[in-house]
């Protein structure tokens, strides 16, 4: 004789059935949404088998979803770094959100083309079974942005090369005009020629800055790091700055009294001198009265060089622009009679000094209260101990 089902048990079974059907429908809707988003999206289970594979990835990899789903992640999605080394995505899946990284500037081996990509990871937790979860991987195509940056850098490099030659010729002719003893210029002519020569020097400096930035970003700028006498380099690099300060009626002093003259440091001499010249040049440029002082001192395993001025100081709104590419302060023009410059100087200083193993920094009490920019260079003994 057939048994009659318990109405309560039947009701529970029906609720479970309805809930599971709703969950399946929600997942289907989510998968449909993911399938059509512009980013490449796939998901893997705990065994790293692909469970979701959207349309964008189908296009990028020329692989249908029906073929990709069920395959191992590493057999389908191949990611490499700029050195063509394979990146293992498994180590980034299923990490806690607070330590899950965002991978940037990698290459997805596509078909027929490769793509520059950024990669995000997140974990999808099952609502029905807490021990089951999936890793959702989002791949953002940044190829257009990368290629646009490369085109821009190539243009800057080409334009800089083409500009440097005529500017150097102009500089040479101006020098001959200013130093012609047989046909000296009149007072007004000399003034105009000197101003033109100064502007040409500024332009050449800007062109050189752009070339250096282009080489840096393309990884083509080499550093010749070796042991050297840091005090001698500073003295050689800043030769003539006392005259520039005198022209503005401000004081100029280099103080290395607390540091032995024979102290060794480990650095690229030319690039270090460029950094010091840049910092002191800025200090003189933005100081109308008072003095500019260069302090050279022992800082443990480093040599610290501080450029101290009594100039316009640093406005709070200008702080975010410091050491940034093209980072001119919004009020720099208001506070200086000279408005030239590329906005690359401090950016180059930061890149150079950090590449040599040092640090950069600044301090300022505020507007029109002077400022201190400092850099550090590692001692030779620290590098070789």
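Coordinate-derived values only; no laboratory data. Since this is a predicted model, take the numbers as computed values, not measurements. Here the Cβ positions follow ideal geometry from the backbone for every residue, glycine too, while neighbour counts run over all protein chains shown.
Any idea what % of Cα-Cα pairs in region 176-229 are farther than 19 Å?
When every Cα pair of region 176-229 is considered, 56 percent fall beyond 19 Å.
Can you give me the distance in nm between label points at residue 100 and residue 325, each placed 7 Å from the Cα along the Cα-to-Cβ direction?
Label-label distance for residue 100 and residue 325, simple model: 3.0 nm.
Extension gain residue 114-residue 178, at 0.36 nm per residue separation less the Cα-Cα distance, in nm?
Result for the pair: 17.3 nm of gain on full extension.
Measure off 7 Å from each Cα along the Cα-to-Cβ vector at residue 201 and residue 170, then give the distance between these two points in nanometres to one decimal.
Placing both labels 7 Å along Cα→Cβ, they lie 1.5 nm apart.
Would you calculate the separation in nanometres between label points at residue 148 and residue 124, each defined as 7 Å from the Cα along the Cα-to-beta-carbon direction?
Spacing of the two 7 Å Cα→Cβ label points: 3.1 nm.
What's the Kirkwood radius of region 257-316 in Å, using all Cα pairs?
One decimal place: 13.1 Å for the Kirkwood radius.
Quick one: if the Förster radius is 35 Å, what FRET efficiency do residue 80 and residue 363 give, using the C-beta to C-beta distance and rounding to 0.05?
So the FRET efficiency works out to roughly 0.20.
What's the exposure ranking of 80, 134, going from fewest to most Cβ atoms within 10 Å?
Ordered from fewest to most neighbouring Cβ atoms within 10 Å, 80, 134 come out as 80, 134.
Can you give the alpha-carbon Rg of region 224-385 over 2.2 N^0.38 Å, where N counts its residues?
Here the answer is 1.01, to two decimals.
Using all C-alpha to C-alpha distances in region 143-221, build P(r) with 10 Å bins and read off the rounded percent in each one.
Whole-percent P(r) values from 0 Å outward: 18, 35, 22, 15, 8, 2, 0.
By average Cβ neighbour count within 10 Å, what is the ranking of 206-212, 304-310, 140-146 from highest down?
Peptide ranking by packing, descending: 304-310, 206-212, 140-146.
Quick check on the exposure proxy: order 59, 376 from fewest to most C-beta atoms within 10 angstrom.
59, 376
How much length is gained if the chain between residue 258 and residue 317 is pulled fully straight, taking 0.36 nm per residue apart and subtracting their Cα-Cα distance, in nm to one decimal?
Once the chain is fully extended between residue 258 and residue 317, it gains 17.7 nm.
Give me the percent of Cα-Cα pairs in region 185-302 that sit more than 23 Å apart, rounded to a whole number.
Every Cα pair in region 185-302 considered, those over 23 Å come to 46 percent.
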